[in-house]
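Here is the structure we will look at.
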């Protein structure tokens, strides 16, 4: 695989030229970006998938939704609908996409919408819901909208400074794009990451004077849940079970729950489970409990599967959570007061 990626280096050079020109035209105002009077926070990454955008959006929802009318806007990747869709009681993962539907289930007080055209999506949300703040999910490269605040995510084990452009590497755009970020969060860190290692990462990222840096880790819940009950993770871990994941980087999820008697089924990210898939899952489980990720659960819970549980996760900052929170609250509060 690495050899193939190296062979494709000339295509990476072409991709670099195209994305570089695109960013240059936006930076110089040749291509139009639309700004909005209300606070808009964009969360995204330079690489493809697996940096923890959904947990970061949920962190912001928990932080902001008590004091502000919050809306989220996503593209709705692999949804079966099109155009602008505002979540309601009839929505499901096929209409919204798995991650927006997860937001809708967990935060019913939040206006959740999907639209590939983020400019139109924000305009529709303002007209229909008049939110105080809009959170843009996976929108770092969506430069048709000029957000007021940018949060860039990069994983501890795959920093964007160590990566290269597609198809040789996993970057959607040049590392130079990081300059647009107001805050950078290094995600999926070890819980015991030392101050010395944090400083080493800081030096590698070469922050701009205006940028703040934070470190976070994946915090697993102590229970697995179904629609009807919950079960302690420690007890579930000791049971024979089937583990299922259709996410970008499932190994930490499997490692957290797996014992030597378990079976594992891995599917592509955002996988739509067919009837044949469900039949294979039930056959493989053989009546044992089935545990999956929360993102997969929203696509599986209405299927004919028994003993299905999910393990919630959340993003937790290693340090200086108060400073991060206050930075976000100050931006939203000031912009809201100015509107």
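Every read-out reported here was derived from the displayed coordinates using simple, explicitly stated rules and does not represent laboratory data. Everything numeric in this text was worked out from a predicted model, so none of it was measured. Here Cβ is always computed from backbone atoms with ideal geometry, including for glycine, and neighbour counts include all displayed protein chains.
Given a cut-off of under 8 Å on Cα pairs at least six residues apart, what relative contact order in percent is computed for the range 223-311? Can you show the working numbers first?
Values: 128 pairs, mean separation 30.7, N = 89.
Taking the mean separation of contacting Cα pairs over the length of the range 223-311, I get 35 percent.
Mind ordering 143-151, 301-309 by average Cβ neighbours within 10 Å, highest first?
On the way: 143-151: 21.1, 301-309: 14.9.
Most protected by this proxy first, the peptides run 143-151, 301-309.
Tell me the mean residue ellipticity at 222 nm calculated for the chain from its helices only (DSSP H runs of n ≥ 4, each -39500 (n - 2.57), averaged over every residue, nearest 500).
Working: 12 runs with 122 residues, N = 339.
The helix contribution divided over the chain gives -10500 deg cm²/dmol.
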One finds the C-alpha centres of the range 131-188 and the range 13-81 to be spaced, in Å, by 8
Take every Cα pair under 8 Å in the chain that's 6+ residues apart, average their separations, divide by the length, and report that relative contact order as a whole percent.
20
Quick one: angle between helix 195-205 and the longest Cα principal axis of the chain, in degrees between 0 and 90, rounded to 10, please.
60
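Among 62, 288, which comes first, then next, by fewest other beta-carbon atoms within 10 Å?
So the residues, fewest neighbours to most, are 62, 288.
Projected area of the range 1-160, taken from the Cα convex hull and averaged over every viewing direction, in nm²?
Numbers: hull surface 43.6 nm².
That works out to 10.9 nm², a quarter of the Cα hull's surface.
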Angle check, please: helix 275-285 long axis (alpha carbons) against the longest principal axis of the chain (alpha carbons), in degrees 0 to 90, nearest 10.
60
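What order do you get for 66, 271 when you list them from fewest to most C-beta neighbours inside 10 Å? Write out the running numbers ahead of the final one.
Numbers: 66 9, 271 17.
Taking fewest neighbouring Cβ atoms as first place, the list is 66, 271.
Sorting check: for 39-48, 123-132, which peptide has the highest mean count of neighbouring beta carbons within 10 Å, and how do the rest follow? Kindly include the intermediate steps, with their values, before the conclusion.
On the way: 39-48: 24.3, 123-132: 15.8.
For the peptides 39-48, 123-132, the packing ranking is 39-48, 123-132.
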Among 167-180, 219-232, what's the highest-first ranking by average C-beta atoms within 10 angstrom per residue?
167-180, 219-232
Relative to the longest principal axis of the C-alpha atoms of the chain, give the angle of the C-alpha long axis of helix 321-338, reported between 0 and 90° and rounded to the nearest 10°.
60
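Shape verdict for the range 174-290, please, from the Cα gyration tensor: rounded (a/c under 1.5), prolate (a/b greater than b/c) or oblate. Write down the numbers at each step before the final one.
Values: a/c = 3.11, a/b = 2.04, b/c = 1.52.
Verdict is prolate for the range 174-290.
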With volume of the Cα convex hull per residue in Å³ in mind, check (1) 325; (2) 150; (3) 158 and report the label derived from this structure.
(3)
Is the range 223-311 rounded, prolate or oblate when judged by the Cα gyration tensor, a ≥ b ≥ c being the square roots of its eigenvalues, rounded requiring a/c under 1.5 and prolate requiring a/b larger than b/c?
rounded
